[in-house]
1. Being open to solvent by less than 100 Å² (accessible area, probe 1.4 Å) and modelled with pLDDT of 80 or more is the filter; apply it to region 19-33 and report the residue that is farthest from GLY83 (Cα to Cα).
2. Take the residues in region 67-106 that are touching a residue at least 12 places away in the same chain (Cβ under 8 Å) and among the charged types (D, E, K, R), then tell me which one is most open to solvent (accessible area, probe 1.4 Å).
3. Give me the residue from region 107-145 that is closer than 21 Å to LEU32 by Cβ and touching a Phe, Trp or Tyr at 6+ places or on another chain (Cβ under 6 Å) and, out of that set, most open to solvent (accessible area, probe 1.4 Å).
4. Looking at SER57, SER16 in this structure, which one is of a type in the set (Ser, Thr, Tyr), at pLDDT below 90 and surrounded by 12 or more Cβ atoms within 10 Å (Cβ to Cβ)?
5. Condition (residue is in contact with a Gly (Cβ under 9 Å, 6 or more places away or on another chain) and not aliphatic (A, V, I, L, M)) applied to region 119-126: is it met by at least one residue?
Amino acid sequence: MNTLIRLLLFIIIGISSSTAFAANPKKYFEDLSSNPNFDYTYVSPLMLQAMGDQYLSQERSGGLPVKSSQITSIETISTNGDGMNEKLWKAITSIKKDNKLETLTTKKKDFYRYDVFAKLSGDHKYFTNLLVITQDGAENVSVVYMEGKIPVNSNLKYSLTQ
């Protein structure tokens, strides 16, 4: 009987740890984090949980109306001189391909470009993945990638078209 209990406990622990490992999101830009030409930030699911239920940015200043409790990960990278880096664009392509992201909007003016890609949840109430790429000339690039339950509402639509 003790052997059976130990075996069941071992199986439960094994399943729990493999589930926790599988829940960790892929870090697409981590390879570039050691490059001095890039500023890289990753916010883990645990850190987002620790933040509680607060807005990540102020809606009145044009930010997305998203609470930390709705996001499972955030990854950002930016550069002011290495925007044509092949690894950067391969990572962006991987995000779009791996998560089957669709273009929401593209804005171009002179040397400025703003692209937003997303994947919609099955019930069409949330974006499960959101990728925003801002380019100011060929060398200056900023990328924000978020996973979670980002609500589709009029405020988000307004933010995307600005």
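1. From region 19-33, those open to solvent by less than 100 Å² (accessible area, probe 1.4 Å) are 19-20, 22-25, 27-30, 32-33; that's our starting set.
The next check asks that each one be modelled with pLDDT of 80 or more; those that pass are 25, 27-30, 32-33.
Details: PRO25: 24, LYS27: 19, TYR28: 16, PHE29: 13, GLU30: 16, LEU32: 12, SER33: 14 Å.
Among those that are open to solvent by less than 100 Å² (accessible area, probe 1.4 Å) and modelled with pLDDT of 80 or more, it is PRO25.
2. Step one: of region 67-106, the residues touching a residue at least 12 places away in the same chain (Cβ under 8 Å) are 67-85, 87-88, 91-92, 94-96, 98-105.
Filter once more, keeping what is among the charged types (D, E, K, R): 67, 75, 82, 87, 96, 98, 100, 102.
Numbers: LYS67: 57, GLU75: 4, ASP82: 34, LYS87: 131, LYS96: 65, ASP98: 83, LYS100: 147, GLU102: 127 Å².
Across region 67-106, the extreme among qualifying residues is LYS100.
3. It comes out as ASP136.
4. Details: SER16 fails: surrounded by 12 or more Cβ atoms within 10 Å (Cβ to Cβ).
After ruling out the rest, the residue left standing is SER57.
5. yes
The values are calculated or read from the model by the stated rules, or taken from the named source; none is laboratory data. Fair warning: this is a prediction, and the values are worked out from it, not measured in the lab. Positions of Cβ are generated from backbone atoms using ideal geometry, with glycine treated the same way; all protein chains shown enter the neighbour counts. The protein model used for the area step is the full one, side chains on, heavy atoms only, and it has no ligands, DNA or RNA in it. Shrake-Rupley method; radii C 1.70, N 1.55, O 1.52, S 1.80 Å.
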